[in-house]
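Here is the structure we will look at, set down as structure tokens.
Every read-out reported here was derived from the displayed coordinates using simple, explicitly stated rules and does not represent laboratory data. As the structure is a prediction and not an experimental result, all values here were calculated from the model. Glycine also receives a Cβ, built like all others from the backbone with ideal geometry; neighbour counts cover every protein chain displayed.
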Amino acid sequence: MTHQADAGPGVFAEAVREHGAELVEWLPPSQEPPRSLTGFDAVIVLGGAMNADEVERHPWLRTEEALLKEVLAAGTPAIGLCLGGQLLAQAAGAPARRAARPEIGWLRIEVDGAGARDPVLGALAPGFEAFSWHGCEFPLPPGAVELARSEVCLQAARIGEAAWALQFHPEVSRADALAWIEDYRSDPDAVGIGLDPVALRAETEPKLDAFNDLGRNLCRRWLEFAAAARR
């Protein structure tokens, strides 16, 4: 599920192609929704500038949440990133909310004991640096397992046995990350914290290659889990 043109699957698309799988994109704001997602082997829910509770401005959010509830009930492997993580958590009974403060740029994420044993997050223990861009967060859904956290909020949780909600952006491509920084004035949170786009771009450019490798590898581990779940 892709919510806007500059928040696409990024390096996750590369990992999917390498895995030999077909990536089918649905853009909810402009395309008719599928009747069901249960025919798919796995589901990726991407980010977007809208908030998870803005259903009056974006009515398709209701449809997407209903589809994600179906995905969770069916045990279909799923991974949600930033807004996508919030939507997955919301479908699992934990509505998104404002974070104590926005996290925009690079932040340290600590992986806890459960995260260290997780098939997707475990390789990143005990912690890592990630690119993030959000003003909202998701609380831990009922029955879910916390996997990682930043100073501000929950950053990764496993919902059931087959769904992961992430708050950071492991998928982000170089082009998208730099476009977000260039267009920072469109985000009230970025303006509100006094974001320095020149400084953030200077910090971001040399870090992206390693972070993109982290993202591709994270997606590969998730794809391996999804493939094993189908057997």
Taking only DSSP H segments of four or more residues, each worth -39500 (n - 2.57), what value at 222 nm results for the chain once the sum is divided by all its residues, to the nearest 500 deg cm²/dmol? -10500 deg cm²/dmol
Once phi for every residue in segment 167-182 is put through the Karplus expression 6.51 cos²θ - 1.76 cosθ + 1.60 (θ = phi - 60°), the whole-Hz ³J(HN,Hα) values, with Gly and Pro written as x, are 9, 8, 10, x, 8, 4, 7, 4, 4, 5, 4, 6, 5, 4, 5, 4
Of the residues Pro142, Met50, Pro102, the Cα lying farthest along the dipole of the chain towards its positive end, which is defined by charges on the beta carbon of Lys, Arg, Asp and Glu, belongs to Pro142
Zone of Glu129 (label point 7 Å along Cα→Cβ, backbone N under 14 Å): which residues in segment 184-203? 200-203
Run the numbers for Arg35 and Ala49: contour at 0.36 nm per residue of separation, minus the present Cα-Cα distance, in nm. 2.5 nm
Just the Cα atoms of segment 79-160, one point each, no solvent: what log10 I(q)/I(0) does Debye give at q = 0.11 Å⁻¹? -0.25
Taking one equal scatterer on every alpha-carbon of segment 28-88, how large is log10 of I(q)/I(0) by Debye at q = 0.21, 0.22 1/Å? -0.82, -0.90
Answer in debye to the nearest 20: the dipole magnitude of the chain about its Cα centre, from +1 Lys/Arg and -1 Asp/Glu charges placed on Cβ, is 520
From the C-alpha coordinates alone, can you work out the Kirkwood hydrodynamic radius of segment 13-123, in Å? 15.7
Of Leu154, Leu195, Leu121, which is the most mobile in a GNM of the chain whose springs link Cα atoms less than 10 angstrom apart? Leu195
Mind giving me the nanometre distance, one decimal, between the label points for Glu70 and Ala227, set 7 Å out from Cα along Cα→Cβ? 2.7
Theoretical gain in end-to-end length, Lys207 to Ala100 [0.36 nm per residue, Cα-Cα removed]: 35.9 nm
Cα atoms only, segment 77-116: Rg and Dmax in Å? 12.2, 31
Over the chain, what is the percentage of antiparallel beta bridges among all DSSP beta bridges, to the nearest 5? 75
Mind giving me the FRET efficiency for Ser186 and Glu56? R0 is 25 Å, r the Cβ-Cβ distance, nearest 0.05 is fine. 0.80
Could you point to the residue in Cys219, Pro9, Gly93 farthest towards the positive end of the chain's charge dipole, with +1 and -1 charges on the Cβ of Lys/Arg and Asp/Glu respectively? Gly93
Size of segment 86-231 as Cα extents on the principal axes (Å, biggest first): 47, 31, 25
Taking amide H positions as placed in the peptide plane 1.01 Å from N, state which residues far from Ala99 in sequence (5 or more) or on other chains have amide H under 5 Å from it. Cys136, Glu137
Which cross-chain or sequence-distant (5 or more) residues have an amide H under 5 Å from the amide H of Ala148, H modelled 1.01 Å from N in plane? Asp112, Gln155, Ala156
Explain nothing, just compute: Karplus ³J(HN,Hα) = 6.51 cos²θ - 1.76 cosθ + 1.60, θ = phi - 60°, for every residue of segment 75-81 in order, whole Hz, x for Gly and Pro. x, 5, x, 8, 9, x, 10
